[in-house]
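Beneath this line is the structure, given in structure tokens, with notes to follow.
The values are calculated or read from the model by the stated rules, or taken from the named source; none is laboratory data. Quantities reported herein were computed from a predicted structural model and do not represent experimental measurements. Because the Cβ atoms are built from the backbone with ideal geometry, glycine has one as well, and the counts that use them run over all protein chains shown. Each accessible area value is taken on the protein alone, full model and side chains, heavy atoms only, with ligands, DNA and RNA left out. Shrake-Rupley method; radii C 1.70, N 1.55, O 1.52, S 1.80 Å.
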Amino acid sequence: ICAKVCTLAQRAGLDVATRGYALSAVLKLTTQLGGPTPAVSTLVDKFANSRHVDLAQRCIEFRHLTSRPGLMRAVLPVDASGDPVNPTAIGV
């Protein structure tokens, strides 16, 4: 699924909002997988310098979260998609 979403996100002519949703989906899937796949890393590298600030920001946040697995699990806990985020767990 992650590879398919990465392929979709790179499709030419795709709306910027849809590309952003795909990046968010990849981040959530990466949490489930325990780390980024090569396809995910390639996607993030491709859009980290996008002229669309939203895409670039998502990629920067993605890189930061994947470099800190504990923070990533706190923000995007595995199998807890319906649970509220505990602000003290992420230092807020």
(request) Keeping to segment 1-26, report how many residues are closer than 19 Å to Val75 by Cα and either acidic (Asp, Glu) or open to solvent by 30 Å² or more (accessible area, probe 1.4 Å) (or both). (result) 3
(message) For segment 26-53, which positions are among the β-branched types (Val, Ile, Thr) and farther than 9 Å from Cys6 by Cβ?
(response) Thr30, Thr31, Val44, Val53
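Residues checked against (1) in contact with a helix residue (DSSP H, G or I) (Cβ under 7 Å, 6 or more places away or on another chain); (2) open to solvent by 90 Å² or more (accessible area, probe 1.4 Å); (3) touching a residue at least 24 places away in the same chain (Cβ under 8 Å):
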{"site": "Thr37", "(1), (2), (3)": "yes, no, yes"}
{"site": "Val40", "(1), (2), (3)": "yes, no, yes"}
{"site": "Leu43", "(1), (2), (3)": "yes, no, yes"}
{"site": "Asn49", "(1), (2), (3)": "yes, yes, no"}
{"site": "His52", "(1), (2), (3)": "yes, no, yes"}
{"site": "Arg58", "(1), (2), (3)": "yes, no, yes"}
{"site": "Arg63", "(1), (2), (3)": "yes, yes, no"}
{"site": "Gly70", "(1), (2), (3)": "no, no, no"}
(request) Taking Ser50 as meeting all but one of (1) closer than 17 Å to Leu8 by Cα; (2) in a helix (DSSP H, G or I), write down the number of the exception. (result) (2)
